[in-house]
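Asks: Dropping a structure here in structure tokens format, bear with me for questions.
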Amino acid sequence: MLRLRLKVLGCPRRALALSDTPRPDCPDCQGVGGIAHDYGDPETGEYAGTHWQPCLCWTQWAVILLPLPRWPRRTPTGYSDEPPF
């Protein structure tokens with residue numbers, strides 16, 4: 001069963017999308033949507049990164065519904081160019 005939600009995507013352009021939500025009562029991922037596995041460097045034993053394993057309780061898809069407009073950037077007026085000191 002799909003649990004749909006609206007989501008704002010930011011790459012490459014902002015858009016409104018419809019996506020699936022992880023099952024909140026999933027015993028494997030506790031509703032996060034995946035399981036993180038930390039790993040270390042075999043030579044030094046220091047932290048080297050994290051592998052993300054997606055859970056089977058949800059799918060990682062998103063359907064773009066509406067691209068959001070780009071707002072023009074405006075330089076604020078009325079500010080002085082002099083330093084405050």
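The values are calculated or read from the model by the stated rules, or taken from the named source; none is laboratory data. Predicted, not measured: the structure shown is a model, and the values here were computed from it. Heads up, the Cβs are rebuilt from the backbone with ideal geometry, glycines too, and the neighbour counts pull from every protein chain shown. With ligands, DNA and RNA removed, areas are computed over all heavy atoms of the protein, side chains included. Shrake-Rupley method; radii C 1.70, N 1.55, O 1.52, S 1.80 Å.
Asks: Multiply the residue gap between Arg74 and Trp52 by 0.36 nm, knock off their C-alpha separation, and tell me the result in nm, one decimal place.
Replies: 3.9 nm is the gain from fully extending Arg74 to Trp52.
Asks: Right, next: Once you place label points 7 Å from the Cα toward the Cβ at Leu2 and Asp81, how far apart are they in nm?
Replies: 5.5
Asks: For region 23-29, in order, what is each residue's ³J(HN,Hα) by Karplus, 6.51 cos²θ - 1.76 cosθ + 1.60 with θ = phi - 60°, in whole Hz (x at glycine and Pro)?
Replies: 5, x, 9, 5, x, 7, 10
Asks: Most fluctuating residue of Trp61, Trp52, Trp71 in a GNM of the chain with Cα springs under 10 Å: which is it?
Replies: Trp71
Asks: Averaging sequence separations of C-alpha pairs under 8 Å and six or more residues apart, then dividing by the length of the chain, give the relative contact order as a whole percent.
Replies: Relative contact order for the chain comes out at 28 percent.
Asks: Rank-order 41-47, 19-25, 6-12 by packing density, defined as the average count of other C-beta atoms within 10 Å over each peptide's residues, highest first.
Replies: 19-25, 6-12, 41-47
Asks: Under a Cβ-Cβ limit of 4.7 Å, which cysteines in the chain have nobody to pair with?
Replies: Flagged as lacking a Cys partner: Cys11.
Asks: Under a Cβ-only charge scheme (Lys and Arg +1, Asp and Glu -1), can you give me the dipole magnitude of the chain about the Cα centre, in debye to the nearest 20?
Replies: Here the chain has a charge dipole of around 880 debye.
Asks: For region 1-48, what is the convex hull volume of the alpha-carbon atoms per residue, in Å³?
Replies: About 124 Å³ per residue, rounded to a whole number.
Asks: Hey, another quick one. Between [x] 1.09; [y] 2.20; [z] 1.81, which matches Cα Rg over 2.2 N^0.38 Å calculated for the structure shown?
Replies: Computing Cα Rg over 2.2 N^0.38 Å and matching it to [x] 1.09; [y] 2.20; [z] 1.81 gives [z].
Asks: Related question: Would you pull out the residues with amide H under 5 Å of Cys55's amide H, same chain only if 5 or more places away, H placed 1.01 Å from N?
Replies: Amide H to amide H, under 5 Å and 5 or more residues apart or across chains, Cys55 pairs with Gly34, Ile35.
Asks: Leaving ligands, DNA and RNA out of it, report the carbon-plus-sulfur percent of the accessible area of the chain at a 1.4 Å probe.
Replies: 58
Asks: Taking a label point 7 Å from the Cα of Trp61 along the Cα→Cβ vector, which residues of region 1-38 have an amide N closer than 13 Å to it?
Replies: 1-4, 18-21
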